[in-house]
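**Student:** Have a look at this one.
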Amino acid sequence: MATLSNGLLVVMSGAASFVAFYSTLKLGKNERIGITYLAFSAALTISFIGNALSLLIDYTPLSDSVILAAYVLAIIAGFYLTWDFRDLLSPKRIVLIVFSGVLILVVSLLAVVPLPSGMNSLEVSLALMFPVLNSIMLSVALGLAVLFWKGDFAKAWMSFAIGLLLFGVAGAGYAAGMAHGGMLGIWVDLFWLWGYLAIVTGFRETRSLQA
């Protein structure tokens with residue numbers, strides 16, 4: 001079952017990467033959207049590489065490091081888009097987003113500690129990086145949702161927000177499972193698969209609006 005779900009992740013992330021880059025090339029000269037979508041496309045490609053490594057090589061720290069790199073790019077993409085419209089965020093909404101991020105970070109860290117004995121420094125670093133990046137990703141997703149829940153691009157950018165949200169939940173579940181000596185398997189993989197589907201939907205919706 002694990003091999004099957006890993007294979008599905010490779011196929012889905014590869015397909016999402018292709019759709020993302022193809023859609024980005026079709027966007028034309030819209031710099032604001034282009035940079036954001038290029039970062040999302042790169043994140044999906046790196047995620048595809050990480051999933052392929054997880055399927056082909058039995059060395060979890062390597063694939064986890066690649067997946068975390070994809071997280072960083074996805075966060076940058078979402079933050080760039082949010083920052084571009086920061087004037088639309090009221091102080092109350094900013095406080096809500098920051099508070100939610102801190103709360104998510106605390107809960108995520110509590111879910112992975114205490115870490116099992118016998119982990120080397122790299123494994124400990126990766127185990128702690130997942131909660132940190134998950135909290136940032138979920139905060140960015142919340143910012144996108146608050147900003148773009150209505151308007152011409154609402155469906156497209158809300159799809160990106162939902163995708164980041166699903167990736168964050170998947171990462172939190174994966175980190176908790178790894179930290180406590182067990183994998184949540186297909187349930188975590190389903191969130192990643194739904195996340196890829198949401199991101200692809202965002203790209204397709206943007207293309208239809210640009211047409």
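The values are calculated or read from the model by the stated rules, or taken from the named source; none is laboratory data. Predicted, not measured: the structure shown is a model, and the values here were computed from it. Don't worry about glycine lacking a Cβ; one is built from the backbone with ideal geometry, like all the others, and counts go over all protein chains shown.
**Student:** If you go through the range 61-68 one residue at a time, do you hit one that is over 18 Å from Tyr174 (Cβ atoms), in a helix (DSSP H, G or I) and touching a helix residue (DSSP H, G or I) at 6+ places or on another chain (Cβ under 8 Å)?
**Tutor:** no
**Student:** Might you let me know whether the range 15-28 holds any residue that is at pLDDT 85 or above, buried (at least 18 other Cβ atoms within 10 Å of the Cβ) and among the β-branched types (Val, Ile, Thr)?
**Tutor:** yes
**Student:** Going by what's in this entry, would Ile94 be described as at pLDDT 80 or above and farther than 25 Å from Gly14 by Cβ?
**Tutor:** So Ile94 passes the test.
**Student:** Next question. Identify the single condition in (1) buried (at least 19 other Cβ atoms within 10 Å of the Cβ); (2) at pLDDT 85 or above; (3) not charged (D, E, K, R) that Ala179 does not satisfy, given that it satisfies every other one.
**Tutor:** (2)
**Student:** Would you mind stating whether Gly101 is at pLDDT 80 or above and touching a Phe, Trp or Tyr at 6+ places or on another chain (Cβ under 9 Å)?
**Tutor:** Answer is no for this residue.
**Student:** Right, something else. Give the range 105-144 a look and list any residue that's without any contact (Cβ under 8 Å) to a residue 40 or more places away in the chain and assigned to a helix (DSSP H, G or I), or say none.
**Tutor:** Answer for the range 105-144, where residues must be without any contact (Cβ under 8 Å) to a residue 40 or more places away in the chain and assigned to a helix (DSSP H, G or I): Leu105, Val106, Val107, Leu109, Leu110, Ser121, Val124, Ser125, Leu128, Val132, Ser135, Leu138.
**Student:** A further question follows. Going through Gly195, Gly173, Gly143 one at a time, which residue ends up being under 30 Å from Lys26 (Cα atoms), modelled with pLDDT under 85 and not aromatic (Phe, Trp, Tyr)?
**Tutor:** Working: Gly195 fails: modelled with pLDDT under 85; Gly173 fails: under 30 Å from Lys26 (Cα atoms).
Unique residue meeting the criteria: Gly143.
**Student:** In the range 78-123, what count of residues is obtained for those that are of a type in the set (Val, Ile, Thr), more than 20 Å from the chain's Cα centre (by Cα) and surrounded by 13 or more Cβ atoms within 10 Å (Cβ to Cβ)?
**Tutor:** As a first pass, look at the range 78-123 and keep what is of a type in the set (Val, Ile, Thr): 82, 94-95, 97-98, 102, 104, 106-107, 112-113.
Among the residues that remain, those that are also more than 20 Å from the chain's Cα centre (by Cα) are: 94-95, 113.
Adding the requirement that they be surrounded by 13 or more Cβ atoms within 10 Å (Cβ to Cβ) leaves 94.
So the answer is 1.
**Student:** Of the residues that make up the range 80-96, is at least one in contact (Cβ under 8 Å) with a residue 60 or more places away in the chain and assigned to a helix (DSSP H, G or I)? Spell out how you get there, then give the answer.
**Tutor:** We begin by selecting, within the range 80-96, every residue in contact (Cβ under 8 Å) with a residue 60 or more places away in the chain; these are 81-82, 85.
Those left that are additionally assigned to a helix (DSSP H, G or I): 81-82.
Looking through the range 80-96, at least one residue is in contact (Cβ under 8 Å) with a residue 60 or more places away in the chain and assigned to a helix (DSSP H, G or I).
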